[in-house]
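Derivation of every value follows stated rules applied to the coordinates shown; laboratory data play no part. Bear in mind the structure is a predicted one, so any value in this text is a computation, not a measurement. Neighbour counts run over all protein chains shown; Cβ positions are idealised from the backbone, glycine included.
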Amino acid sequence: MSVAEATPDLEQVDRHDRAFLGHPTGLGFLGFTEACERFSYYSMQTLLVLYMVNYLLLPGRMEKVVGLKWVQMHIYHGISGQPLASAIFGTYAALVYGTPILGGLIADKWLGRNKTLIFGGLLMAIGHFLMAIEPAFVFALVALVLGVGAFKGNIATQVGALYGPNDLRRAMAFQIFYIFINVSVIIAPLISGTLGQKVGWHYGFGCAGVVMVIGLIIYLSGRRYLAPEEIAAPAESPVLREPLTRDDWLCVLYLIILIPVMAVSLLTNQEIFNAYLTWGDQQFDLTLLNHTSSWLITVDATVSFAMLVAVAAFWKWYGTRRREPDEITKMIIGSVFTVAGGLCLFMAALTQPPGGKISLLWPMMFELFNSIGFAHVLPISLALFSKISPKQITATVIGLYYLSFFIANAMVGYIGGLYSSLPTTTFWLIHVASAAFGLIAFAIFKIAIGHRMQGTPKDQAAALS
């Protein structure tokens, strides 16, 4: 039985549907569903470390959590307190970028993307509600990791399926989809973060669970507007059936070398949800943020979104006047800004008055510089991977790209644990060094093999013909 036969309730999508902002109706349903899922996900990202450091892992409470003692002793070698919270968060955040591979496999081989997505959404909702039950904390994390894995990749696939191969609205559709995501990232800390810190931790997690249920209801309500699932036709492009050449494999090798480099360069950015949030909760003057440290995530999301738009607009303007630099050069520029952002955190720690709080000036400067760096490294590196990967295995190579996030978050889990045992200035200098490593490595990469990164051998041949 084909996947399409397994979902007979889905009608053929209307390729001429323009009911939602000039796009298919299904895009609206998928956008609001994704907004609810990202709200629940970033609620968890915002509250998890603060919840563990300030509540769950305190003596007298953590002993009541089923399985946590075993996890502490056998996986994290007996560490406790803030280092244990940092390590658990790092593992959770890393696995979130690993399980979508499993979710894609389940969707492709067995359940199909619709059933897999629904299953993932249910697991996420269950996980959030379990977070409100202290003894079930470990089971809640497992449910959330598996739920995100089943959900994350399959909904993006459905967005693309709404459009025919030559429909020029596709690119704009993903931009609209991304706006839904960014709005959720901004408002989740304001709502769930405030509930968690001001009313009660379980209210914050419960709010995330309720919103996830709403997202599932929206998705189920709009299924008839989504594209049916079909087995791919065998008549693929001859290019996709060609064997990989030596030059193709060299391109893949270059990209694989970039993965750990990007992971190290991402360290400062990924620390924002971990030790940075703990530090801000303890040491920042949060008067302007309603004395609510989770609002730091809203500030970060807002500045990041603004800088993504600003950087894209700048290079578009620059390109009309001069030759625009290539991807690797932009990543080098981004690393300079990331180094500057890390130095802002170092200065914040260095200038903290004895017994006093840190002004938000240096953290806000960090947010600005780090967000400019983020805008130059993350989307541009993804574009680079998509550009030079051999056409036969582009999807696989893009999957490998996300291993950089897996590695980065695993590193954050370890390095973030050093926050409570190192001088704060030394802790942030480690992050400055990681960004400087990325800067130097990207520069060496540019000098050594930058000329090979301008496109695949086939692209270069086509350009010369």
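State whether the range 331-412 is rounded, prolate or oblate according to the following rule on the C-alpha gyration tensor (a ≥ b ≥ c being the square roots of its eigenvalues): a/c under 1.5 gives rounded; otherwise a/b larger than b/c gives prolate, and the remaining case gives oblate.
prolate
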Checklist line | Spin-label pair A19/K357, simplified geometry with 7 Å Cα→Cβ offset, distance in nm | finding: 5.0 nm
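Longest segment of the chain with no GluC sites (Glu not before Pro) in a DSSP loop having at most 15 other Cβ atoms within 10 Å? Don't skip to the answer; put the middle values down first.
Details: sites that count: E11, E230, E236.
For GluC sites (Glu not before Pro) (loop position, at most 15 other Cβ atoms within 10 Å), the longest site-free span of the chain is 237-465.
Which whole number in µm²/s is D for the range 17-229 by Stokes-Einstein, with the Kirkwood Rh taken over Cα pairs at 20 °C and 1.002 mPa s? Could you put the intermediate results ahead of the total?
Values: Rh = 17.9 Å.
Rounded, D is 120 µm²/s.
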Note to self: Let's test the formula: R0 of 35 Å, r as the Cβ-Cβ distance of V138 and A312. What FRET efficiency results, to the nearest 0.05?
What the structure shows: 0.25
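Under a Cβ-Cβ cut-off of 15 Å, what is the net charge of the residues other than V185 that fall near it, where Lys and Arg count +1 and Asp and Glu count -1?
-2
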Check: How large is ³J(HN,Hα), in whole Hz, for each residue of the range 212-226 in order, when computed from phi with the Karplus curve 6.51 cos²θ - 1.76 cosθ + 1.60 and θ = phi - 60°, using x for Gly and Pro?
Finding: 5, 5, 4, x, 5, 4, 4, 4, 5, 5, x, 4, 5, 9, 9
Check: Rounded to a whole number, what is D in µm²/s for the range 245-450 from Stokes-Einstein with the Kirkwood radius over alpha-carbon pairs (10 °C, 1.306 mPa s)?
Finding: 89 µm²/s
Next item on the list: Could I have the simple spin-label model distance between S221 and L382, label points 7 Å from Cα toward Cβ, reported in nm to one decimal?
Entry: 2.8 nm
Next item on the list: Report the extension gain between T426 and Y414 in nm, rounded to one decimal, defined as 0.36 nm multiplied by the number of residues separating them, less their alpha carbon distance.
Entry: 2.8 nm
Next item on the list: Can you tell me how much longer the chain between L102 and M172 gets when fully stretched, taken as 0.36 nm per residue apart minus their C-alpha distance, in nm with one decimal?
Entry: 22.4 nm
Check: What FRET efficiency comes out for the pair E242/M364, r = Cβ-Cβ distance, R0 = 56 Å, nearest 0.05?
Finding: 0.60
Margin query: Along the Cα→Cβ direction, 7 angstrom out, place labels at I257 and Q282. What is the inter-label distance in nm?
Written below: 4.0 nm
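Would you please name the trypsin sites (Lys or Arg not before Pro) within the range 241-341 that are DSSP coil residues with at most 11 other C-beta atoms within 10 Å of their C-beta? Could the numbers behind the result be given before it?
Working: sites: R241, R246, K316, R321, R322, R323, K330; in loops: R321, R322, R323.
For trypsin sites (Lys or Arg not before Pro) across the range 241-341 that sit outside H, G, I, E and B with at most 11 neighbouring Cβ atoms in 10 Å, the list reads R321, R322, R323.
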Check: How many percent of all Cα-Cα pairs in the chain sit more than 38 Å apart?
Finding: 26 percent
Note to self: Under 14 Å between alpha carbons: how many lysine pairs meet that in the chain, if sequence neighbours fewer than 8 apart on the same chain are excluded?
What the structure shows: 5
Next item on the list: Treat the count of other C-beta atoms within 10 Å as a stand-in for reagent exposure and order T287, T194, T302 from fewest to most.
Entry: T287, T302, T194
Item checked: Cα radius of gyration and Dmax for the range 270-314 (Å) -> 12.4, 37
Note to self: Given R₀ = 35 Å, what would the calculated FRET efficiency be for R321 paired with K391, taking r from the Cβ atoms and rounding to 0.05?
What the structure shows: 0.60
